[in-house]
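Asker: Shown below is the structure under consideration.
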Amino acid sequence: MTTSRAAEAEQLLLRALAIREASYGSNHPNVATALINLASLFHNTKRFAEAEALFRRALEMLEASYGPQHPRVAICLNNLAGLLSNTHRLAEAKPLMQRALAIDEASYGPCHPYLARRLYNFAGFLAKEKFFEEAEPLYRRALAIHEASYGPDHPHVANDLWNLAELLLATNRLVEAEPLYRRALAIDEANHGPNHAETLARKRALLVLAEVNNSTREPKNAILPGRVGRNQPCPCGSGKKYKRCHGSPG
């Protein structure tokens, strides 16, 4: 979102907030929703202090209206945790995510697809911060729920497999990771076709895996668009240049 359009959006959201406060009173859950929308805009435009204050105000209102175990409280907790994570306050973010996950499991049950999404997101947060032992069982739970809910060949299953494989690779379990990568790629090809951007990105990443494993073999039936340049982003998704990640000689 450009700055000019963000400013325009802010005025609309402020107006919506004022209308809801006038209509419902300052502590109504619909006002909390308007606060969350405005806070999300501030978060996306890096106005973190303002966003945090609004998220916390909305959280207090939702807890007062619905109680501390309501799914809408969990949504707000996750929004606040995302902001804290993005501002490097990980010790504060983690317990909020844990609390939100517990609320969702109590609300939807242990096998609901919505819970799988929460598990997947929390696992991603943990993996990003290198809490691999905590992240792995959450990825595996999300995978099991998605397979049971959607079948073994759904795109959500491919995403779970790929992220679990990334974790295994990060913990030097290459033999376990490779078949998960290949299964995820097969699901992508079946759902999106061989030339879809997601499919091609994962084919490139599998080539990197082959190079990491000191092998020249390519994924079976893969149409690879060429080797990764050393100054290009590494296809593993780390955000680093290839030469400083999986292309590093050491």
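The values are calculated or read from the model by the stated rules, or taken from the named source; none is laboratory data. This is a predicted model, so every value here is computed, not measured. Heads up, the Cβs are rebuilt from the backbone with ideal geometry, glycines too, and the neighbour counts pull from every protein chain shown. For accessibility, only protein heavy atoms count, side chains too; no ligands or nucleic acids. Shrake-Rupley method; radii C 1.70, N 1.55, O 1.52, S 1.80 Å.
Asker: What do you reckon, is residue 181 touching a helix residue (DSSP H, G or I) at 6+ places or on another chain (Cβ under 9 Å), in a helix (DSSP H, G or I) and closer than 23 Å to residue 85 by Cβ?
Answerer: no
Asker: For the range 40-89, how many residues meet the condition of being among the hydrophobic types (A, V, I, L, M, F, W, C) and open to solvent by 50 Å² or more (accessible area, probe 1.4 Å)?
Answerer: Final tally of qualifying residues: 5.
Asker: Given the criteria farther than 28 Å from residue 176 by Cα and free of Cβ contacts under 8 Å to residues at least 24 places away in the same chain, does residue 134 qualify?
Answerer: It is false that residue 134 is farther than 28 Å from residue 176 by Cα and free of Cβ contacts under 8 Å to residues at least 24 places away in the same chain.
Asker: I'm trying to understand the selection: among the residues of the range 22-39, which are assigned to a helix (DSSP H, G or I) and either open to solvent by 60 Å² or more (accessible area, probe 1.4 Å) or β-branched (Val, Ile, Thr) (or both)?
Answerer: If the condition is that a residue be assigned to a helix (DSSP H, G or I) and either open to solvent by 60 Å² or more (accessible area, probe 1.4 Å) or β-branched (Val, Ile, Thr) (or both), then 22, 23, 24, 31, 33, 36, 37 are the ones that fit.
Asker: Continuing with the same structure: So which residues in the range 90-137 are within 13 Å of the chain's Cα centre (by Cα), basic (Lys, Arg) and surrounded by fewer than 21 Cβ atoms within 10 Å (Cβ to Cβ), if there are any at all?
Answerer: Result: 117, 128.
Asker: Right, something else. Restricting attention to the range 226-235, does a residue exist that is at pLDDT below 90, surrounded by 20 or more Cβ atoms within 10 Å (Cβ to Cβ), closer than 28 Å to residue 116 by Cβ and touching a Phe, Trp or Tyr at 6+ places or on another chain (Cβ under 9 Å)?
Answerer: yes
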